[in-house]
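Take a look at the structure below.
The values are calculated or read from the model by the stated rules, or taken from the named source; none is laboratory data. Every value quoted in this text rests on a predicted model; they were computed, and no experiment measured them. Positions of Cβ are generated from backbone atoms using ideal geometry, with glycine treated the same way; all protein chains shown enter the neighbour counts. These accessible areas exclude ligands, DNA and RNA; they are computed on the full protein's heavy atoms, side chains included. Shrake-Rupley method; radii C 1.70, N 1.55, O 1.52, S 1.80 Å.
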Amino acid sequence: MYTVDELEDRLIDLAFAEDIGDGDHTTLCCIPDDAIGKSHLLIKEDGVLAGVEVAKRVFARFDPTLQVEVLITDGTKVKKGDIAMIVTGKVRSLLQTERLMLNIMQRMSGIATMTSKYVERLEGTKTHVLDTRKTTPGLRMLEKQAVKIGGGVNHRIGLFDMILLKDNHVDFSGGIANAINRCHAYLKEKNLDLKIEIEVRNFDELQQVLDCGGVDRIMLDNFSVENTKKAVDIIAGKYETESSGGITFDTIRQYAECGVDYISVGALTHSVKGLDMSFKAC
């Protein structure tokens, strides 16, 4: 398995290959190789900044001689007109790294900004905002970093670091008890220590889970607010609880006030708008 740093380096290399190909002919034809310049990252919209550390990695990966002066760090609330960083070095390098850096920072800052709004919406409750696996292929590690920067909590990173028995797993296994029992047998056989979460669609399935036991968290899928409160009362601290499915910014506070531990929000990553910014010569 790759480390986070290795995954980021592979992503950066692939992105440069995709963008530059056999050469940035526009830059190469009009900018001398020895030209030195300076560019700054201009924030053009209020939000939460994210991706600064990844941007530094982009610059260093392409041209280690680039000098990056960070003026605003990850997780800081920014406003239109702020300057987040200044980069000095070869003009060719500034031009060839511009788009990749912006693509990453705009995407990550958009996610952090959206997450921050959800977190503020739940202020005063015990509920944490979770992300999901509804991420851009190849960008998951960056997008989940952005969720954390915005104040949210990462759910499982992928299919490898947690057991999540969803409706299809239960149905294909022949029922809840079968799914849970097979899960424990598998973990014992493979000598794995993974948390187990199971999704329930109604109160009958919830009772089956309570009768069987052997899980760490119960996900209440597409429960109404009223039924969520009832389910949380039934579970009564025996297991962690999570609400999921159809929960919006307008309704999330109502679900949190039911006492659930977590609410997962796919919209944090699957339909977010990037934060507007630009990288201009200065």
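Residue check, CYS282 against (1) under 27 Å from VAL147 (Cβ atoms); (2) touching a residue at least 60 places away in the same chain (Cβ under 8 Å), all met but one. Which one?
(1)
Please give the number of the condition ARG57 fails out of (1) open to solvent by less than 30 Å² (accessible area, probe 1.4 Å); (2) closer than 24 Å to ILE157 by Cβ.
(1)
Among the residues of region 100-118, is there at least one that is open to solvent by 10 Å² or more (accessible area, probe 1.4 Å), over 21 Å from LEU41 (Cβ atoms) and of a type in the set (Val, Ile, Thr)?
No: zero hits.
Which condition number does GLY237 fail, the rest of (1) at pLDDT 95 or above; (2) under 17 Å from HIS128 (Cβ atoms) being met?
(1)
Can you find a residue in region 76-84 that is out of contact with any strand residue (DSSP E or B) (no Cβ under 6 Å at 6 or more places or on another chain), more than 22 Å from GLY266 (Cβ to Cβ) and in a helix (DSSP H, G or I)?
No: zero hits.
Looking only at region 215-263, count how many residues are small (Gly, Ala, Ser), surrounded by 21 or more Cβ atoms within 10 Å (Cβ to Cβ) and either touching a helix residue (DSSP H, G or I) at 6+ places or on another chain (Cβ under 8 Å) or farther than 20 Å from ASP204 by Cα (or both).
Adding up the residues that qualify gives 3.
Results for (1) within 24 Å of the chain's Cα centre (by Cα); (2) under 30 Å from GLY47 (Cβ atoms); (3) not aromatic (Phe, Trp, Tyr), shown as yes or no for each residue.
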position	(1), (2), (3)
VAL147	yes, yes, yes
GLY158	yes, yes, yes
ALA179	no, no, yes
GLU197	yes, no, yes
PHE203	no, no, no
GLN207	no, no, yes
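Return the residues of region 16-36 that are open to solvent by 20 Å² or more (accessible area, probe 1.4 Å) and among the small types (Gly, Ala, Ser); say none if nothing qualifies.
ALA17, GLY21, ALA35
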